[in-house]
1. For the stretch 68-82, which positions are surrounded by 14 or more Cβ atoms within 10 Å (Cβ to Cβ) and out of contact with any Leu (no Cβ under 6 Å at 6 or more places or on another chain)?
2. Give the residue, chosen from Phe118, Phe52, that is in contact with a Lys or Arg (Cβ under 7 Å, 6 or more places away or on another chain) and of a type in the set (Phe, Trp, Tyr).
3. Please work out if Arg65 is surrounded by 14 or more Cβ atoms within 10 Å (Cβ to Cβ), of a type outside the set (Gly, Ala, Ser), under 30 Å from Glu185 (Cβ atoms) and in contact with a Ser or Thr (Cβ under 7 Å, 6 or more places away or on another chain).
4. Considering only the stretch 10-57, state which residues are crowded, with 16+ Cβ neighbours inside 10 Å and touching a strand residue (DSSP E or B) at 6+ places or on another chain (Cβ under 7 Å).
5. List every residue pair whose Cβ atoms lie under 8 Å apart, where the two residues are 6 or more positions apart in sequence or sit on different chains, the first residue falls within the stretch 158-183 and is surrounded by fewer than 17 Cβ atoms within 10 Å (Cβ to Cβ), and the second residue, located anywhere, is of a type in the set (D, E, K, R) and outside any helix (DSSP H, G or I).
Amino acid sequence: MNQSAPKFIGKRISVQRSKEDIVITITQQIQRWQEALLIGWLMAWTFCGVVFIKYAIQTTVMSDRVFFIICSSLWLYFFVKIVKVFMWRKGGREIIRLSKGKVEIINAYWKRGLPETFMMRNIFKLGLIKRDPGNFLAFLDDSFWIIGGERVGFSHSGTKIRFGKQLELKDAELLVRVIESGMREFGKE
């Protein structure tokens, strides 16, 4: 299995080639100050949840109890979202594996993740995803406090597949070139 050492093509993208496949790994790490803000947000949100749950348990007025139970439910939903983002930023990575006739994309937390497999013969329109930089939702997609902002995509059997979360434009262009090269190399089944 004669694997080469990983070659970095951007700040967060590494490419490892062998005779059997090409494995592209995109890490999701953020700067230390951003991580500190996420931790602060998580701690503040946890405090709010403790307060909501405490009042839901202690109150004797039924209407207040219903209010705090509803608040606690909403709190729990967003708490799970925040924890998921924090875990993604600590150990999340997108893994793209090109091998004989197929492409696998894995959104992995550390080394665990479920692969999605796509046959190369059914992949069309590989390229950058066009975005409007003035759009507020595009701004939110680039925010470190969410999981999103895919920059690369393709069409597979009528379904749009997106990956390359929050990559810079030049890194996304390099990623597309590497994938195109891998598809030429491993395109035959």
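1. Our first condition is that a residue be surrounded by 14 or more Cβ atoms within 10 Å (Cβ to Cβ); within the stretch 68-82, this holds for 68-69, 71-72, 75, 79, 81-82.
Passing the criteria: Phe68, Ile69, Cys71, Ser72, Trp75, Phe79, Lys81.
2. Working: Phe52 fails: in contact with a Lys or Arg (Cβ under 7 Å, 6 or more places away or on another chain).
Exactly one residue qualifies, and that residue is Phe118.
3. Values: surrounded by 14 or more Cβ atoms within 10 Å (Cβ to Cβ): yes; of a type outside the set (Gly, Ala, Ser): yes; under 30 Å from Glu185 (Cβ atoms): no; in contact with a Ser or Thr (Cβ under 7 Å, 6 or more places away or on another chain): yes.
The answer is no for Arg65.
4. Arg12, Ile13, Ser14, Val15, Asp21, Ile22, Val23, Ile24, Thr25, Ile26, Gln28
5. Arg162/Glu150; Glu168/Lys11; Leu169/Arg151
Values quoted throughout were computed directly from the atomic coordinates according to the rules given, and no laboratory measurement underlies them. Treat the numbers as computed from the prediction; the structure is a model and nothing was measured. In this analysis, Cβ positions are derived from the backbone assuming ideal geometry, glycine residues included, and neighbour counts consider all displayed protein chains.
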